[in-house]
Amino acid sequence: MPAHDDICFPLSEERALIERVVREAGQIAKDAFEADEAVVWDKVKGHPVTDADIAVNDYLQTHLRKARPGYGWLSEETKDDLSRHACQRTFVVDPIDGTRAFIERTPNFVVSVAIIEDGQPIVGAVFNPLKDEFYSAQKGNGATLNGEPVSCSGRQELEGAEMVGYPRKFRRLGFPVMRVRISNSMAYRMVMVASGKADCTVAFTPKSDWDIAAAALIASESGAITTNLRGDIPNFDKDSTSGFGIICAGPKLHALLLERVKPLLAQFDASEDKQRDFKEMGTKMSDREMKSIQLLHIVMGGELVDPMRTEFKDLKKVDFVGAYASFDEAQKAWRAAAQRTVDSAHTRYFILHAHDLLDPDGDGIIG
């Protein structure tokens, strides 16, 4: 085996390392989410960060750099000193991609780590700890979701496609009618494309290396293509860590999307006041369509076959107590029902968070 300062580890060992450490870091993020005590502040206006971001970053930096002390380091939560350019391989890290989703209590954030060499990712892992979705890839060896191979959608048409992005933006720009869902995390949007959970994703705003490095490899190994809005493949070893938007889709759909944005880019290039003329390319809070979301708690119960299991003795006799808009109301109803049946050891009542089943993305859109 190579010494720790020899930067020539086999890709299988690199992949095993980041898979292990990313999974451990994901547990830190999950624990912080469930504790719901995060401290939040703005790095700059409109760019929030939490103490959970910092905790995950510190864990990743400690364990990855201990294992590979000769590697460079680039992370959203660490100052870039550009020393990474002197290293053959570099970790590119987003401790929590989708911090806003984390803050808003939605399950669409991920831990993302890649190792790059010659400006391109060679291994990568993207982990959504709340959904227990672990995406991983190494160059030339395919991509997996929870250990099973994945491939991108083969969709041929943009109309009706499953797009991950912001609906109002696509309507403003005259795109065909698509099924658009919202996800704050760029890395998560891209791995959804990689696994065929979505057909495509487009971002018109600049995306940083740490947003996309791991997901770009996973998408590529699934058969998808990732470029900026001009069709250029991202390079992750430049002084600037910011790129010109993202298009990620299967080959046919990617070509259609490139054609769709060409006229817009021509106008953009010709504009003498891009800030004035192309504000629509930016993401506004209104694009998110994050309306107040109705919560739905259902209280139900009945006699169980075994009080330690969830198998009802007779489904026809299940008692549906009611539906409630707040957890406090549901909890009161649950306690009352449990008190009424306190003498029956086999009778139990439950609170079902039905809104999580109807609207798993927490954006007010079914499915």
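Before moving on, here are some points about what is shown:
- Filter pass, Ser136 being of a type outside the set (Lys, Arg) and either surrounded by fewer than 18 Cβ atoms within 10 Å (Cβ to Cβ) or over 18 Å from Leu17 (Cα atoms) (or both): no
- Residues in region 304-330 that are of a type in the set (A, V, I, L, M), under 17 Å from Ala354 (Cα atoms) and part of a helix (DSSP H, G or I): Ala330 alone.
- Among the residues of region 50-77, those identified as among the hydrophobic types (A, V, I, L, M, F, W, C) and surrounded by fewer than 21 Cβ atoms within 10 Å (Cβ to Cβ) are Ile54, Ala55, Ala67, Trp73.
- Single residue of region 235-247 satisfying the filter (surrounded by fewer than 21 Cβ atoms within 10 Å (Cβ to Cβ) and under 20 Å from Glu259 (Cβ atoms)) that is farthest from the chain's Cα centre (by Cα): Phe244
- Within the set Ala255, Ala215, the sole residue that is outside any strand (DSSP E or B) and open to solvent by less than 10 Å² (accessible area, probe 1.4 Å) turns out to be Ala215.
- Criterion violated by Asp58 - all others in (1) acidic (Asp, Glu); (2) in contact (Cβ under 8 Å) with a residue 60 or more places away in the chain; (3) part of a helix (DSSP H, G or I) satisfied: (2)
- Single unsatisfied condition, Glu77 versus (1) in contact (Cβ under 8 Å) with a residue 40 or more places away in the chain; (2) closer than 16 Å to Ser185 by Cβ: (1)
Matching residues to (1) of a type in the set (Asp, Glu); (2) in contact (Cβ under 8 Å) with a residue 60 or more places away in the chain:
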position: Gly160; (1), (2): no, no
position: Pro176; (1), (2): no, no
position: Arg181; (1), (2): no, yes
position: Asn184; (1), (2): no, yes
position: Met192; (1), (2): no, no
position: Asp199; (1), (2): yes, no
position: Phe204; (1), (2): no, yes
position: Ile212; (1), (2): no, no
position: Ile218; (1), (2): no, yes
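- Residues of region 89-106 that turn out to be over 23 Å from Trp41 (Cβ atoms) and either of a type in the set (A, V, I, L, M, F, W, C) or at pLDDT below 95 (or both), as a count: 2
- Qualifying position, being touching a residue at least 60 places away in the same chain (Cβ under 8 Å) and in contact with a Cys (Cβ under 7 Å, 6 or more places away or on another chain), among Gly142, Gly70, Gly119: Gly70
- Among the conditions (1) closer than 25 Å to Arg84 by Cα; (2) buried (at least 21 other Cβ atoms within 10 Å of the Cβ); (3) in contact with a Gly (Cβ under 8 Å, 6 or more places away or on another chain), the only one that Ile225 does not satisfy is (1).
- Residues located in region 293-309, provided they are open to solvent by 90 Å² or more (accessible area, probe 1.4 Å) and in contact (Cβ under 8 Å) with a residue 12 or more places away in the chain: Gln294
- Complete set of residues in region 78-121 that are open to solvent by less than 40 Å² (accessible area, probe 1.4 Å) and of a type in the set (Lys, Arg): Arg84, Arg89
- Evaluated against (1) modelled with pLDDT of 90 or more; (2) under 31 Å from the mean Cα position of the chain (by Cα), Gly301 falls short on exactly one condition, (2).
The values are calculated or read from the model by the stated rules, or taken from the named source; none is laboratory data. Given the structure is predicted, the values throughout are model-derived calculations rather than measurements. So basically every Cβ, Gly included, is an ideal-geometry build from the backbone, and we count neighbours across all protein chains shown. Remember, those area values only see protein heavy atoms, side chains included, never the ligands or the DNA or RNA. Shrake-Rupley method; radii C 1.70, N 1.55, O 1.52, S 1.80 Å.
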